[in-house]
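Chemist: Structure below; questions to follow.
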Amino acid sequence: MTITLAIPSKGRLKEKTVDAFTKAGFEVKLPQNARSYRGSLNGPNNKPIENVEVAFMSASEIARELIAGKIHLGVTGEDLARETIAQADKYMSFKAKLGFGHADVIVAVPDAWADVETMADMDDVAAEFRKIHNRQLRIATKYWQLTQNFFADHGIAMYRIVESLGATEGAPAAGTADVIVDITSTGSTLRANDLKILSDGIILKSEANLIQSKTAKYTREDRATAKALCLALANINK
Amino acid sequence: MPSIEMPSKSVDEQVAPTKPRAKMQLAKLGGEQELSAFFKARNCTMPHVGLLQPADPILNAAGEDIRRRIFMTADQGGTSFCLRPEFTIPVALGHIEKGKAKGRYGYAGTVFRLRDEEPQEFVQVGIEDIGAKNRIAADTRSLADCVETLRMLGAKRLSISTGDQAIFEAVLQSLGLPQAWQERLGRVFGDTKRLKSDLDKLSGKKGDELASLDPKLREVLEAGDEEAVKKIIAKQMKASGLSPKTGRTPDEITARLMQKAELAAVNLSADKRHALESFLSLDLAMDKANVKLWALARKYDISLGDALEDFHKRLTAIEKLQLENVSIKYRAGFGRSLDYYTGFVFEVRKSGKPDSKPLAGGGRYDHLLNVLGSKQDIPAIGFSVWVDRLSRTADAAKKLQQMQIQNRSAK
């Protein structure tokens with residue numbers, strides 16, 4: 001049997017992933033011709049690891065395929081993985097943080113909301129909002145799953161999600177939402193839009209992870225190979 | 001106003017069900033005749049409630065969180081619908097649409113919920129009593145009807161837990177807690193863990209909650225200059241391009257900020273916390289609850305006023321029912337966390353199974369009709385029986401469930 005390792009198919013995420021494997025002593029062999037999406041992996045002895053096949057996919061596809069058990073290992077953002085399915089830990093284990101692709105998923109409100117600093121404030125405001133405005137507080141986000149879980153953990157149910165597929169930070173000024181849940185790496189976009197992150201409003205500190213599927217099938221040998229790969233990648237940033 | 005689409009023709013005025021689907025459902029419930037007679041004897045009409053419901057009213061009433069527990073779909077125009085997750089909201093919407101002062105509605109049919117360990121498609125039977133002015137009588141009747149419904153479905157010895165949010169609110173008020181705290185604690189009532197964590201926050205040492213405020217704003221805030229605070233916030237909103245017409249206004253933000261500044265210095269005293277916790281820990285036979293509540297009120301010098309009087313009247317009325325093979329408890333901390341539940345709540349379990357899922361649940365939801373768009377305040381109470389849970393205890397209901405499965409596979 002072979003195990004499939006999925007790597008992002010383009011851009012910086014692909015380069016950084018290949019680099020991470022190099023640092024760990026492996027060499028990702030890119031497809032022989034430009035049309036192919038299959039590659040292989042050389043071990044530290046410079047010989048191909050026979051039971052590993054490398055597949056190149058989009059980051060969101062990697063998350064879905066890990067959940068479905070069609071691939072064994074994959075590199076993708078933790079935010080994407082956790083957004084794709086509720087109770088993500090039932091379907092996959094996050095084996096190694098790779099030190100790139102940093103992005104925080106956060107709750108932000110307008111600077112002018114001087115009275116709102118914490119999720120407890122948000123709870124009060126959400127309850128009061130419905131009484132005053134006769135509608136629920138609206139949250140713009142593309143992170144449905146993460147938002148619903150986080151707000152439920154804080155006991156907040158009285159809000160509505162407005163799906164936002166781009167320029168989420170502009171939603172409060174555009175009047176389409178009151179609050180946003182979005183990703184940020186430096187916070188500069190938020191500041192430019194006069195938004196502030198709640199002090200306990202960090203939902204997830206995400207980065208690229210090597211993730212192992214819990215639903216895929218493994219032989220004993222597959223398992224050993226997967227374990228060795230995960231261990232090697234987990235050690236590069238230590 | 002939220003955009004609430006009223007389902008057209010949601011209430012059918014006939015006493016007997018005329019829609020074929022409703023008839024089928026009832027046939028599965030061990031006899032249409034029996035159920036129809038049961039509802040008729042209780043002055044209930046049986047409204048038609050479609051399997052496919054507009055999702056907006058349900059999400060507006062129950063909040064975004066319920067989205068994770070219902071089956072959603074959308075039409076080509078993007079309007080959201082869901083498979084009927086319950087009857088109360090559609091029945092209440094139908095009531096508002098009819099514009100009648102009061103109505104009693106019986107229903108029996110399949111509902112759909114995303115559940116981990118239980119079937120996602122199951123049958124609920126229940127009665128909603130909307131608009132009855134005499135709340136005590138309606139509470140009592142709802143409990144009695146619930147027990148009768150369970151009996152009809154073959155349930156034997158039952159154990160009932162009751163709670164009353166009005167008593168809790170009276171305790172908070174009588175302890176003289178600031179309004180903002182009363183509202184906050186009222187919201188988490190029924191959720192023991194969250195309530196405790198909120199009490200900890202209110203009684204513990206606080207950090208400087210205003211530390212992150214702009215220094216100038218803080219200065220005028222601490223000087224109590226409301227107009228100046230409002231001006232700064234309005235200016236900030238304008239600079240950020242926020243319209244006061246689409247969301248929170250400078251008035252709202254200022255009011256809450258002033259309140260927050262005021263409460264920053266206040267702690268929940270140990271005495272008051274003790275009183276609250278002694279109250280919340282009450283868990284005893286309902287016929288003893290009255291005396292105990294009264295004693296507690298005396299001990300902590302709090303007045304429960306009308307809430308206790310209503311409690312007493314309800315208790316007397318329930319005792320008069322002389323329900324057989326039923327034990328009734330009062331648990332002071334028992335409530336439902338949805339904000340439209342307001343008073344008496346109850347849950348029924350099989351006797352001797354305190355940790356099992358309830359066979360039936362009911363409660364007063366005086367705020368729901370407002371939330372759904374009613375201009376008038378309309379009191380309401382209702383209960384619902386989870387027929388699938390009964391099927392594990394009662395043969396009759398088991399047969400029912402089997403018939404349903406056969407019906408489905410025969411198609």
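The values are calculated or read from the model by the stated rules, or taken from the named source; none is laboratory data. Nothing here was measured: the structure is a model prediction, and the numbers come from that model. A quick note on method: Cβ atoms are made from the backbone with ideal geometry, for glycine too, and the neighbour counts reach across all protein chains shown.
A quick yes/no check of all residues on (1) surrounded by 14 or more Cβ atoms within 10 Å (Cβ to Cβ); (2) more than 9 Å from chain B (Cβ to nearest Cβ); (3) in contact with a helix residue (DSSP H, G or I) (Cβ under 7 Å, 6 or more places away or on another chain):
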site: A:Arg160; (1), (2), (3): yes, no, yes
site: A:Thr186; (1), (2), (3): no, yes, no
site: A:Leu195; (1), (2), (3): yes, no, yes
site: A:Thr219; (1), (2), (3): no, yes, no
site: A:Asp222; (1), (2), (3): yes, yes, no
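Chemist: Which numbered condition trips up A:Arg130, out of (1) closer than 21 Å to A:Val162 by Cβ; (2) touching a residue at least 60 places away in the same chain (Cβ under 8 Å)?
Modeler: With respect to (1) closer than 21 Å to A:Val162 by Cβ; (2) touching a residue at least 60 places away in the same chain (Cβ under 8 Å), A:Arg130 is out only on (2).
Chemist: If you take the residues in the range B:239-252 that are under 39 Å from the mean Cα position of the chain (by Cα) and part of a helix (DSSP H, G or I), which one is farthest from the other protein chains (Cβ to nearest Cβ)?
Modeler: Going residue by residue through the range B:239-252, those that are under 39 Å from the mean Cα position of the chain (by Cα) are B:240-252.
Cutting the leftovers down to part of a helix (DSSP H, G or I) gives us B:250-252.
Numbers: B:Pro250: 8, B:Asp251: 10, B:Glu252: 6 Å.
Top of the filtered list is B:Asp251.
Chemist: Could you check, for the range B:253-271, whether at least one of its residues is at pLDDT 90 or above, surrounded by fewer than 12 Cβ atoms within 10 Å (Cβ to Cβ) and either assigned by TED's automatic domain parsing to the domain that holds B:Val229 or basic (Lys, Arg) (or both)?
Modeler: Checked against the condition, which is being at pLDDT 90 or above, surrounded by fewer than 12 Cβ atoms within 10 Å (Cβ to Cβ) and either assigned by TED's automatic domain parsing to the domain that holds B:Val229 or basic (Lys, Arg) (or both), the range B:253-271 yields no hits at all.
Chemist: Which residues, taken from the range B:168-214, are acidic (Asp, Glu), within 11 Å of another protein chain (Cβ to nearest Cβ) and closer than 19 Å to B:Asp339 by Cβ?
Modeler: Once the filter is applied, which keeps residues that are acidic (Asp, Glu), within 11 Å of another protein chain (Cβ to nearest Cβ) and closer than 19 Å to B:Asp339 by Cβ, the range B:168-214 yields B:Glu183, B:Asp191, B:Asp198.
Chemist: Further, regarding this structure: Give the residue that is nearest to B:Ile253 (Cα to Cα), with candidates limited to residues of the range A:134-148 that are surrounded by 18 or more Cβ atoms within 10 Å (Cβ to Cβ) and facing another protein chain (nearest Cβ under 9 Å). Break it down stepwise before answering.
Modeler: So in the range A:134-148, the residues surrounded by 18 or more Cβ atoms within 10 Å (Cβ to Cβ) come out as A:136-141, A:143, A:146-148.
Checking which are facing another protein chain (nearest Cβ under 9 Å) leaves us with A:136-139, A:147-148.
Numbers: A:Gln136: 17, A:Leu137: 14, A:Arg138: 17, A:Ile139: 18, A:Thr147: 24, A:Gln148: 25 Å.
So the residue we want is A:Leu137.
Chemist: Looking at (1) more than 28 Å from A:Ala173 (Cβ to Cβ); (2) facing another protein chain (nearest Cβ under 8 Å); (3) in contact (Cβ under 8 Å) with a residue 12 or more places away in the chain; (4) not polar (S, T, N, Q), find the lone condition where B:Leu217 falls short.
Modeler: The single condition B:Leu217 does not satisfy is (1).
The rows are residues; the columns are (1) touching a residue at least 12 places away in the same chain (Cβ under 8 Å); (2) surrounded by 17 or more Cβ atoms within 10 Å (Cβ to Cβ).
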residue	(1), (2)
B:Glu309	no, no
B:Ala332	yes, yes
B:Thr342	yes, yes
B:Gly352	yes, no
B:Gly363	yes, yes
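Chemist: Identify the residue in the range B:225-234 that is more than 9 Å from chain A (Cβ to nearest Cβ) and assigned to a helix (DSSP H, G or I) and, among all such residues, is surrounded by the fewest Cβ atoms within 10 Å (Cβ to Cβ).
Modeler: Taking the range B:225-234 and keeping what is more than 9 Å from chain A (Cβ to nearest Cβ), we get B:225-228, B:230-231.
In the following step, the residues that additionally are assigned to a helix (DSSP H, G or I) were identified as B:226-228, B:230-231.
Details: B:Glu226: 15, B:Glu227: 9, B:Ala228: 16, B:Lys230: 19, B:Lys231: 14.
Per the stated criteria, the residue is B:Glu227.
To keep it simple, each residue is scored yes or no on (1) touching a helix residue (DSSP H, G or I) at 6+ places or on another chain (Cβ under 6 Å); (2) farther than 25 Å from B:Arg184 by Cα; (3) hydrophobic (A, V, I, L, M, F, W, C).
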position: B:Asp283; (1), (2), (3): no, no, no
position: B:Ala307; (1), (2), (3): yes, no, yes
position: B:Ala317; (1), (2), (3): yes, yes, yes
position: B:Gly343; (1), (2), (3): yes, no, no
position: B:Arg349; (1), (2), (3): no, yes, no
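Chemist: Pick from the range A:100-131 the residues that are part of a loop (DSSP other than H, G, I, E, B), within 12 Å of chain B (Cβ to nearest Cβ) and of a type outside the set (A, V, I, L, M): which of them is farthest from A:Phe151 (Cα to Cα)?
Modeler: As a first pass, look at the range A:100-131 and keep what is part of a loop (DSSP other than H, G, I, E, B): A:100-102, A:111-118.
Next, from what is left, pick out any that are within 12 Å of chain B (Cβ to nearest Cβ): A:111-118.
Now narrow it down to the ones that are of a type outside the set (A, V, I, L, M): A:111, A:113, A:115, A:117-118.
Values: A:Asp111: 20, A:Trp113: 19, A:Asp115: 19, A:Glu117: 15, A:Thr118: 12 Å.
Result: A:Asp111.
Chemist: Hey, among A:Ala167, A:Ala157, which residue is in the same structural domain as A:Thr118 (by TED's automatic domain parsing) and in contact with a Leu (Cβ under 8 Å, 6 or more places away or on another chain)?
Modeler: Values: A:Ala167 fails: in contact with a Leu (Cβ under 8 Å, 6 or more places away or on another chain).
Just a single option satisfies the conditions, and that option is A:Ala157.
Chemist: Can you pull out the residues in the range A:82-99 that are within 14 Å of chain B (Cβ to nearest Cβ) and of a type outside the set (Lys, Arg)?
Modeler: Here is the first cut: in the range A:82-99, the residues within 14 Å of chain B (Cβ to nearest Cβ) are A:83, A:85-87, A:90.
If the condition is that a residue be within 14 Å of chain B (Cβ to nearest Cβ) and of a type outside the set (Lys, Arg), then A:Glu83, A:Ile85, A:Ala86, A:Gln87 are the ones that fit.
Chemist: Something else now. If I ask for residues that are in a loop (DSSP other than H, G, I, E, B) and under 25 Å from the mean Cα position of the chain (by Cα), which ones from the range A:22-40 would you list?
Modeler: A:Ala24, A:Phe26, A:Leu30, A:Tyr37 - these are the residues of the range A:22-40 that are in a loop (DSSP other than H, G, I, E, B) and under 25 Å from the mean Cα position of the chain (by Cα).
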